[in-house]
1. Label points 7 Å out from Cα along the Cβ direction at A:L324 and B:N28: separation in nm?
2. If you keep only loop residues by DSSP, which chymotrypsin sites (Phe, Trp or Tyr not before Pro) in the range A:133-233 have at most 13 other Cβ atoms within 10 Å of their Cβ?
3. If you take every DSSP beta bridge whose two residues both sit in chain B, what share of them, in percent to the nearest 5, is antiparallel?
4. Return the ratio Rg/(2.2 N^0.38 Å) for the range B:232-316, where Rg is computed over Cα atoms only.
5. Pairs of Cα atoms under 8 Å, at least six residues apart: use those to get the relative contact order of chain A, whole percent.
6. Could you please rank A:L74, B:L179, placing first whichever residue has the fewest other Cβ atoms within 10 Å of its Cβ?
7. Over its Cα atoms, what ratio of radius of gyration to 2.2 N^0.38 Å does the range A:136-188 give?
8. Mind sorting B:V70, B:V27 by how few other Cβ atoms lie within 10 Å of their own Cβ, fewest first?
2 protein chains.
Amino acid sequence: MRRGRHITLRDVAALAGVSSRTVSNVVNGYANVTEATRARVQRAVDELGYQPNVLARNLAQGRSGQIAVVVPYLDTPYFAELLQGIIRAARTRGYNVLIDQTDGDRAHERELITKRSHRLLFDGVIFSPLGLSQAALADRDPTLPLVILGERVSDGTFDHVGIDDVTASRQATEHLLDLGRTRVAAIGDQPYETGEAAQLRTQGFREAHRSRGLAVDERLIIRTPRFNRLDGATAMKHLLDLPEPPDAVFCYSDLVALGAIHTLIARGKRVPEDVAVIGYDNIEDGAYSNPTVTTISPDKEMIATTAVERLLLRIGSRTPPPGLELRAPHQLIVRESTAGRG
Amino acid sequence: MRRGRHITLRDVAALAGVSSRTVSNVVNGYANVTEATRARVQRAVDELGYQPNVLARNLAQGRSGQIAVVVPYLDTPYFAELLQGIIRAARTRGYNVLIDQTDGDRAHERELITKRSHRLLFDGVIFSPLGLSQAALADRDPTLPLVILGERVSDGTFDHVGIDDVTASRQATEHLLDLGRTRVAAIGDQPYETGEAAQLRTQGFREAHRSRGLAVDERLIIRTPRFNRLDGATAMKHLLDLPEPPDAVFCYSDLVALGAIHTLIARGKRVPEDVAVIGYDNIEDGAYSNPTVTTISPDKEMIATTAVERLLLRIGSRTPPPGLELRAPHQLIVRESTAGRG
DNA sequence: CGTGCTGTTTGCAGCGCTGCAAAACTGTGG
DNA sequence: CCACAGTTTTGCAGCGCTGCAAACAGCACG
């Protein structure tokens, strides 16, 4: 299988005239090696061009040096941008990232954290679940270090990193109300078990109305199966067909917003004059679209870094630390879809 | 539920009353196992909930069961969409995908295919290089199975999968000329070693003019460092500031096109009435933007599948197969940015 | 009843590394 | 010169699996 012999610890040891264990100590920078031996070994390492066999090391240590990141869809810009940060953060800490895309398949999501065999491929998982039920979470491998992104309140056995969805959504809605809009719609509600994120946003949407002393027109809260362009486009069509269509829309993702805007333009509506639109996630698309999209911008870099750090902490500790609720900051970015052209 | 200790082949062997080697044979579905033993072993496997240790298997076999995919940027929709296909294709063939993002760092790209230690983490690489020089390719680990995406003619030691960039670019340009446009610009040229893809597109651009008996105005060929929105936006500004601005633009990626359109709209130009725009890649954004973007659509699914298949073939064969040039089909998709609102 | 054949099962070594504990060295003080 | 503590180095076992070749069937045939 191997073409050409590899250079092993033993080869180096032979050349340096020490035991292979000592070479290992040098290579790994362990303490208690005299400068003399260290130098001698180092010279042998250089001369032979020795490079450690990661597989063997992993087997011996019972760890893999890899973490898995599980996302529903890779081509969703939000996940792609987040992933980018995670990969960067993991690499600087000596970890490789294994990407798993579930295609929103719940069975697959479940299997990933349940099956033991995977356990050896990665030391921990950062999970951005689409439809992970509480049950699946409950009967997961309890030794698997886990950090969850998006919305899913921690039960104390894992960390959860996200932004304050309720507050952010309230701010988004208030922004629309502050423009003087009176019929504000919401696109993206998911009133069932696996739609926690959506529900928190709906909650913020309601709170904004309440705080202004306004009633929510339930017909203006539209459910969507996911948060992509098509969902936004379809939902917007439905809204425009109402007897009293909205004059503003809070979309639960920027993709939804882009889809909604697409429909509005196609129907000859002006954005924001006829209908103001706000999104969520601050993906790059929204900064270049026509019109550009007002949005809630979560601090993705911070989410990524925090997730990786907490996970590695979990991996590193004998007794798992308590599961934390970690909040990254967010901010409202106002662009043309609510403010109009400059 | 056993905590701590894993269940090994030996445990199963003991329970089934056979040797561990036989259990291995059963688990791996090797031939020459009688139905009786197979059943007995299987029962033991099920009873104990045995799951093989991938690490150990890999070490013993000297392979990792993983392939690496190297892309410059994850948040470029084109790569994300491609990756999605690659991950899917690899998984169905029992391979995991390790993602490496180079951030366009050439040193990193180089190191990835040069360093031997990585060799053990993955059995092969699918590479979408940004700036991989011929030299770096030349002194790579010659035993590393390699498939390259994008533009980079094979030197016979690896496979190359892509579409026919010259033809596609010629078609794109001809489409603009067919609309009666007389001053067609090109955004994205990269006339230096690592810009092969760009150069092929420029070549197609020129061929289209030649085939129509038209001269190319060199001032209308704009260089950009990359192919993203910002590049497109900047280049378009430059073009609009020319004494005789173009009435059509061939952009070397959809992102560039979206950036260019952004600038056009901001400057009060109508698309396509004043300036027609065509992109390249057919990313989802272009189907929902305002206006929607005419584009060259490569068959991404086919590119992904082909790349994975060729790579696994390479990994599997003792004597490496000859490096092939593989062409996936493409097609022109006409949308609003050249055809106007239907 | 041995001989050869095919098909099935097994034992052993070893992939290349690290954990562990013992061994071999220091150097110090009595 | 010995006992003792501290530092450095070593040997060995073993992580859990598979490659290899040998051992052992079972069967047909002479």
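1. So the two model labels end up 4.5 nm from each other.
2. Within the range A:133-233, the qualifying chymotrypsin sites (Phe, Trp or Tyr not before Pro) (loop, at most 13 other Cβ atoms within 10 Å) are A:Y192.
3. Close to 10 percent.
4. Details: Rg = 16.8 Å, N = 85, 2.2 N^0.38 = 11.9 Å.
So the range B:232-316 has a normalised radius of gyration of 1.41.
5. On the way: 627 pairs, mean separation 54.4, N = 342.
Relative contact order for chain A comes out at 16 percent.
6. Lowest count first: B:L179, A:L74.
7. On the way: Rg = 17.0 Å, N = 53, 2.2 N^0.38 = 9.9 Å.
Here the Cα radius of gyration is 1.71 times the empirical estimate.
8. Numbers: B:V70 23, B:V27 17.
Going from least to most buried by this count: B:V27, B:V70.
Since every read-out is calculated from the coordinates, none of them should be taken as a lab result. Here the structure is a predicted model, which means the values were calculated and not measured. Neighbour counts are summed over all protein chains in view; Cβ atoms, including those assigned to glycine, are modelled from backbone coordinates with ideal geometry.
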